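Engineer: Sharing a structure with you now.
Rule-based calculations on the coordinates, nothing more; no lab input. Predicted, not measured: the structure shown is a model, and the values here were computed from it. Note: ideal-geometry Cβ built from the backbone for every residue, glycine included; neighbour counts use all protein chains shown.
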């Protein structure tokens, strides 16, 4: 099942810098408390039973409180696979219509805001799903069936789907920037990038932070990390 990756961390004290994933991610807090931060919503403290929904390409960080440990689950769903699933279910009245267009992956830019959900029902459904996926004695067919069933009947219809407002300039800026980054991932400097974008370095940093939640350098490092992860999977 290459379209889903899930893991657990127990009593972790590891902290991560702001980053993003090309996947649609769902996290659950099993124990302890954590600080969730994203440029696109207000910072929040999350605790046992909280679900964190992080759409593809959304900048975020989620770290334990100082001198404390926490335990959590994290699931990453391939955004293109999820988009296809939503399109297959487009006529299902149980699903919110705006989910279909919101989850498309035509461009690698943030489309939806992250959200925090505190629901014992959803937490238990997500935990049961992960438990089944971790079970080596269950067939792949059964796992795929259960994954789709829980996503479409319980989890996805209950999530908040608030779009990030994008101007026409945002679309143009984002697509051009990503094209420049992908053309020269290793050696691109801020000076050469600003020249390609035909804007000052100050404006480039300010606009990028506003639209992506990361600095150009942080975004570049993030892309390298995601690329390395994909290579390791292969």
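Engineer: With springs connecting C-alpha atoms under 10 Å apart, model the chain as a Gaussian network and identify which of 176, 209, 113 has the largest mean-square fluctuation.
Structural biologist: 176
Engineer: Still on this model: How far is helix 140-150 tilted, in degrees, relative to the longest principal axis of the Cα atoms in the chain, given as a value from 0 to 90 rounded to the nearest 10?
Structural biologist: Approximately 80 degrees, to the nearest 10.
Engineer: Here is a further query. Springs between alpha-carbon atoms under 10 Å, Gaussian network over the chain: tell me which of 216, 157, 64 tops the mean-square fluctuations.
Structural biologist: Between 216, 157, 64, it is 157 that shows the largest mean-square fluctuation.
Engineer: Which one of 60, 142, 217 has the biggest mean-square fluctuation once the chain is modelled by GNM with Cα springs under 10 Å?
Structural biologist: Highest fluctuation of the listed residues: 142.
Engineer: Further, regarding this structure: Work out, step by step, the length gained on full extension between residue 149 and residue 89: first 0.36 nm times the residue separation, then minus their alpha carbon distance; give nm to one decimal.
Structural biologist: Values: separation 60, 0.36 × 60 = 21.60 nm, distance 1.16 nm.
Stretched fully, the residue 149-residue 89 segment lengthens by 20.4 nm.
Engineer: DSSP beta bridges in the range 4-158, what fraction antiparallel, as a percent rounded to 5? It would help to have the intermediate numbers written out before the result.
Structural biologist: On the way: 32 of 32 bridges.
Around 100 percent antiparallel, to the nearest 5.
Engineer: With semi-axes √(5λ) of the Cα gyration tensor in Å in mind, check [x] 39, 19, 14; [y] 31, 21, 17; [z] 43, 27, 18 and report the label derived from this structure.
Structural biologist: Derived directly from the coordinates: [y].
Engineer: On a 0 to 90 degree scale, rounded to 10, what angle separates helix 216-233 from the longest Cα axis of the chain?
Structural biologist: 50 degrees
Engineer: Next question, about the same structure. On a 0 to 90 degree scale, rounded to 10, what angle separates helix 168-183 from the longest Cα axis of the chain?
Structural biologist: Roughly 90 degrees, rounded to the nearest 10.
Engineer: With the contact rule set at Cα under 8 Å and sequence spacing of 6 or more, what percent relative contact order holds for the chain? Working shown, then result.
Structural biologist: Values: 355 pairs, mean separation 48.8, N = 234.
For the chain, the relative contact order is 21 percent.
Engineer: Return the calculated 222 nm mean residue ellipticity for the chain, to the nearest 500 deg cm²/dmol, obtained by summing -39500 (n - 2.57) across DSSP H runs with n ≥ 4 and dividing by the residue count.
Structural biologist: Details: 8 runs with 95 residues, N = 234.
Roughly -12500 deg cm²/dmol at 222 nm, from the helical runs in the chain.
Engineer: What FRET efficiency would be calculated for the residue pair residue 229, residue 121, taking the C-beta separation as r and a Förster radius of 30 Å, to the nearest 0.05?
Structural biologist: Working: r = 32 Å, r/R0 = 1.07.
The computed FRET efficiency comes out at 0.40.
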